[in-house]
């Protein structure tokens, strides 16, 4: 008996069972994923200026400026728009956008 013939015999004999198993599997997948919210994450490296800060105060000032730029409503709105996400830019900037320094300089 060929593999084709065996597969046809199995499918003819058990088509009801196969159909029920597929429908139950799809229904279970729908139930499990029904309440989930799609989440996205993105990272970017921000480089400001060409001069390395010489003190912690300079580094803090540069970091503060960078934080102001990356959390600005206009920048966040542009990023959301380019990703086709319709959410309030100010709420996203306040709750989900952050900036972390890579080092002390």
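Where a number appears in this text, it was derived from the coordinates with a stated rule and is not lab data. Keep in mind that this is a model prediction, so the values were computed, not measured. Don't worry about glycine lacking a Cβ; one is built from the backbone with ideal geometry, like all the others, and counts go over all protein chains shown.
For the residues 76, 22, the requirement of being surrounded by 10 or more Cβ atoms within 10 Å (Cβ to Cβ), in contact with a helix residue (DSSP H, G or I) (Cβ under 6 Å, 6 or more places away or on another chain) and in a helix (DSSP H, G or I) singles out 76. Exactly one residue among 8, 54 is over 23 Å from the mean Cα position of the chain (by Cα) and assigned to a loop (DSSP other than H, G, I, E, B), and that residue is 54. One residue alone among 41, 57 is over 18 Å from residue 89 (Cα atoms), surrounded by fewer than 10 Cβ atoms within 10 Å (Cβ to Cβ) and free of Cβ contacts under 8 Å to residues at least 12 places away in the same chain, and that residue is 57.
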